[in-house]
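**Q** Supplied in structure tokens, the structure appears directly below.
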Amino acid sequence: MNGNDAPEPGVLKLEEEVPEQRARAEERFDALFAQFYPEMFGLVYRVLGDRMETEDTLQEAFLKLSHDSALQSRPDGEVGAWLRRVGLNQAFNRLRSARRARARLERVGRLEGADLEPTDADLVSPSGVVIRLEEQAAIRQALVEVPERQRECLLLRHSGYSYAEIAATLGIAVGSVGVLLARAERAFRAQYRRQDEP
Amino acid sequence: MNTTTRTCPELGAWRAWLDHEDHPSSMAEHLQACPGCQRLVADLRDDAASVGHTLSVLAPTRLPSPAEVAVARERLETGRRPAAAAQPPTRTLEPIPVSVARISTPWRIAASGLAAALVLSLIIAFTPEGGAAAASFLAQFRSQQVTAVEVTPQSQAEIYRTLNALGNLGTIKTPGSDGKEARPEAAARGAAEQARTVSLAEAGQEIGFSLKTPDPATLPAGFDATPRVRVMPAYQIRFTFDRNKARGYFQSTGHPEVSLPDKFDGATLVVSIPAAALLEYQNGSSKGALIVGQAGELVVDVEGGKVGLPEMRDFLLSMPGLPPLVVSQLKQIQNWNEVLPIPVPVDQVHWQSTTINGNQGLLLNDNSNVGSAAIWHAGGHLYGLAGSLKASDLKRVAETLR
């Protein structure tokens with residue numbers, strides 16, 4: 001080899017790096033998926049109440065993530081915030097869809113579709129399943145009536161996220177989370193009470 | 001701050017204080033001295049407790065298990081593959097020879113294994129959508145025929161889990177894995193990404209036999225008579241059994257009754273996936289495409305160990321987690337060492353046995369009649385056609401391959 005060959009190794013090196021970069025990117029995505037999928041499931045399920053719909057929603061969110069290599073290279077906290085934002089948006093879009101809403105109502109009527117995995121209480125009292133489903137439907141209905149930002153804040157906080165994580169997800173200052181949460185809890189409680197009224 | 005706050009903290013500050021997110025001692029001191037804030041904090045606490053209790057009803061009874069997360073990850077991979085094929089990175093790849101944008105998702109899933117390359121019927125052996133084939137491909141094998149194995153969404157999920165467990169029984173190596181644990185489907189994807197556009201003659205040299213082309217007169221109206229030709233490289237996947245690793249895995253997963261016999265230890269299954277050629281006939285007006293795929297035989301050999309191939313097949317088919325219905329179908333294949341099982345998701349795809357120029361094969365079409373595919377073996381080579389046309393029209397084109 002002589003100096004004139006210098007560009008050649010450079011070309012080869014570039015070609016060799018492509019599979020390595022791809023492998024690294026795949027490892028990174030695998031790690032993000034393993035880290036965030038379960039907690040995202042917990043969050044999105046609260047909106048949809050249906051395991052299959054939750055899985056479908058998460059597939060859409062992670063598929064978007066898989067196509068955004070720049071986002072994947074961001075710190076975990078930023079990726080998590082993005083996933084929560086996208087997951088919640090998609091989940092509420094699904095919930096709002098008139099067709100899905102109708103189908104869901106029908107399925108609830110048949111006691112299908114919603115999460116029917118029995119709890120201990122259900123095993124003692126099968127009618128508990130019915131009550132639980134009715135209660136869940138009423139709660140979700142109240143949530144939908146609360147302003148978007150507030151209900152997202154509510155779900156995030158009561159799914160266990162910190163104020164910093166909530167702020168990152170909603171794109172607001174950490175110092176604004178408290179007041180948003182306080183107002184959201186008050187609004188939700190009032191809405192939920194109203195639904196109970198005849 | 002080290003003095004009692006004179007001005008009452010705002011609503012948000014108190015809410016954060018309740019959650020221990022913001023708790024300067026001055027706030028506690030202020031609270032003790034301020035009846036107004038005491039009432040506010042009591043209300044906030046009551047709201048928070050009530051809402052927390054109410055919303056707790058929405059929580060799932062359980063979060064996905066690691067196995068379910070793995071299944072979801074595999075499912076995502078299935079969804080990513082056709083999309084990745086449709087829009088490959090421009091730096092290394094050219095556009096995929098399938099217009100998948102117009103094709104329904106279920107069909108894309110089926111087509112990705114059946115049409116986009118019959119290569120891919122080989123890859124099927126290791127991909128999630130081809131999961132049903134995986135158990136039997138792990139047996140001595142030289143593909144000569146094809147057969148359908150019906151899989152349901154549930155059995156697909158079970159197969160994913162079992163496939164994911166394979167790495168726990170030994171070591172999988174694929175091109176580019178450099179000694180690290182490899183994912184077979186990543187190898188398949190890597191091969192697809194290395195596809196190159198070549199001439200017909202070059203493609204023939206690459207795959208080891210002369211390519212056949214359909215009679216252009218039989219192509220539906222609007223289709224270009226000159227195909228674009230692409231080849232994908234051959235590659236190998238090597239799976240080496242490790243008795244101790246397998247034993248530990250089965251014990252940890254509650255299956256101590258399953259053991260890997262000593263003679264499996266160190267045995268390596270070598271799956272040789274041949275180079276494949278894809279001929280793409282474009283329809284300029286509809287943006288559809290007809291794909292003709294051709295490849296040699298998929299061969300599975302065993303190196304090392306002292307295990308017989310039938311025993312190995314029996315062991316793999318007995319692995320916990322494989323759906324009994326799929327296992328039963330695979331066991332019913334008499335000449336299992338030359339029949340390539342093609343998994344057919346019965347909720348998405350209709351299939352029927354057919355003959356193409358006297359060779360046994362399969363004809364598939366998706367339930368929405370968006371497209372169809374045919375796959376068959378002839379003269380030691382594997383052929384496949386797929387496109388956005390009726391199954392009967394597609395078969396007619398297939399029979400003109402010369």
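Read-outs: derived from the displayed coordinates by stated rules, not from any lab. Just so it is clear, the structure is predicted and the values come from calculations on it, not from any experiment. Reconstructed Cβ throughout: ideal geometry from the backbone, glycine too, with neighbour counts over all protein chains shown.
**Q** At 7 Å along Cα-to-Cβ for each site, give me the label-to-label distance between B:S50 and B:V299 in nm.
**A** 7.6
**Q** While we're looking at this one, here's another question. Return the loop-located trypsin sites (Lys or Arg not before Pro) in the stretch B:239-320 (DSSP other than H, G, I, E, B) with at most 16 other Cβ atoms within 10 Å of their own Cβ; answer none if there are none.
**A** Answer by residue number: B:K287, B:K306.
**Q** With charges only on Cβ, +1 for K and R and -1 for D and E, what is the dipole size of the stretch A:13-94 about its Cα centre, in debye, rounded to 20?
**A** Dipole of the stretch A:13-94, to the nearest 20 debye: 380 debye.
**Q** Still on this structure, please answer the following. For B:S372, which sequence-distant residues (separation of 5 or more, or a different chain) have an amide H within less than 5 Å of its own amide H, given hydrogens modelled in the peptide plane?
**A** Residues meeting the criterion, in which the H sits 1.01 Å from N, are B:G387, B:L389.
**Q** Mind giving me the FRET efficiency for B:T7 and A:Q195? R0 is 41 Å, r the Cβ-Cβ distance, nearest 0.05 is fine.
**A** Taking R0 as 41 Å, the efficiency between B:T7 and A:Q195 is 0.60.
**Q** With θ taken as phi - 60° and the coefficients 6.51, -1.76 and 1.60, list the Karplus ³J(HN,Hα) couplings across the stretch B:228-242 in order, rounded to whole Hz; mark glycine and proline as x.
**A** 8, 10, 10, 10, 10, x, 6, 7, 10, 10, 10, 10, 10, 6, 10
**Q** So what are the ³J(HN,Hα) numbers for the stretch B:338-344, from phi and the Karplus equation (6.51, -1.76, 1.60; θ = phi - 60°), rounded to whole Hz, Gly and Pro as x?
**A** 3J(HN,Hα) across the stretch B:338-344, in whole Hz: 9, 10, 8, x, 9, x, 10.
**Q** With 21 Å as the limit, write out which pairs from B:K173/B:K245; B:K245/B:K306; B:K245/B:K331 have Cα-Cα distances beyond it, or answer none. Please list the in-between numbers first.
**A** On the way: B:K173/B:K245 16 Å; B:K245/B:K306 18 Å; B:K245/B:K331 27 Å.
With Cα atoms farther than 21 Å apart: B:K245/B:K331.
**Q** Sticking with this one: What's the average, rounded to a whole number, of partner chain beta-carbon atoms within 10 Å of each residue's beta-carbon in B:9-20?
**A** 5
**Q** So what are the ³J(HN,Hα) numbers for the stretch B:211-218, from phi and the Karplus equation (6.51, -1.76, 1.60; θ = phi - 60°), rounded to whole Hz, Gly and Pro as x?
**A** Ordered by residue, 3J(HN,Hα) equals 6, 9, 10, x, 5, x, 5, 8 Hz.
**Q** Give the distance, in whole Å, between the Cα centre of the stretch B:245-266 and the Cα centre of the stretch B:204-224.
**A** 49
**Q** May I pose another question? At each listed q (0.13, 0.19 Å⁻¹), what is the log10 of I(q)/I(0) that the Debye formula gives for the stretch B:16-81 modelled as equal alpha-carbon point scatterers?
**A** -0.62, -0.82
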